[in-house]
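Just below is one structure, and these are the notes that go with it.
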Amino acid sequence: MLGVEVTSHDAEARRAAWQEGLQAEAYVADLLARVGWTVLDRNWSGGGGELDAVVLRDGKLRMVEVRARTDDEVVPVEETITTHKRARLRSAARAWLLDHEPDYDEVAFLVALVDLGTDPWSVTWIDDAFDGA
């Protein structure tokens, strides 16, 4: 089998990380809603990518990417959004914009860096994180 053995522990760890990611996305969407953003979509797939959330407030549309970590990694979490990932996010954003006609004045990517190692979780926001659709 290609010399790679997947143990049940590996599968459990991946499942736990996936669940934490979903919880972080819900946490971020709730935080944004509590400060006046309208959540238009969550986990929207299209154009070869996925948007964790799409939110709108005061004519500002944000395509939200949530990055969550439980430990201090050598690579800063914002650097985990590779060129390939950014291209997929841009493609998804373009597809979302073609499918929807919200009333907005500007559109940008908002990255939410969630530290799962704090209680409560802390979030660092990077607005207009990279070039948009």
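Nothing in this text is a laboratory measurement; each read-out follows from the coordinates by a stated rule. In this text the structure is predicted, and so the values were computed from the model without any measurement. Note: ideal-geometry Cβ built from the backbone for every residue, glycine included; neighbour counts use all protein chains shown.
Here is how the numbers come out for the structure above:
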{"item": "Of [x] 57; [y] 52; [z] 74, the label for percent of Cα pairs over 18 Å apart derived from the coordinates", "result": "[x]"}
{"item": "Nearest-ten-degree value, helix 8-34 long axis tilted from longest Cα axis of the chain", "result": "20 degrees"}
{"item": "Residue among Leu22, Leu51, Leu98 with the largest mean-square fluctuation in a Gaussian network model of the chain, springs linking Cα atoms under 10 Å", "result": "Leu98"}
{"item": "Fluctuation leader among Gly21, Gly49, Gly36 - the chain, Gaussian network, Cα springs under 10 angstrom", "result": "Gly36"}
{"item": "Cα long-axis angle, helix 83-99 against the chain (0 to 90 degrees, to the nearest 10)", "result": "40 degrees"}
{"item": "Projected label distance in nm at Ala17 and Thr82, using a 7 Å step from Cα toward the beta-carbon", "result": "1.3 nm"}
{"item": "Candidates Asp103, Asp52, Asp30, ranked by Gaussian network fluctuation over the chain, Cα under 10 Å, top entry", "result": "Asp103"}
{"item": "Mean residue ellipticity (222 nm) of the chain, computed from DSSP H runs ≥ 4 via -39,500 (n - 2.57), nearest 500", "result": "-11500 deg cm²/dmol"}
{"item": "For Ser45, net neighbour charge (Lys/Arg +1, Asp/Glu -1) across residues whose Cβ lies under 14 Å away", "result": "-3"}
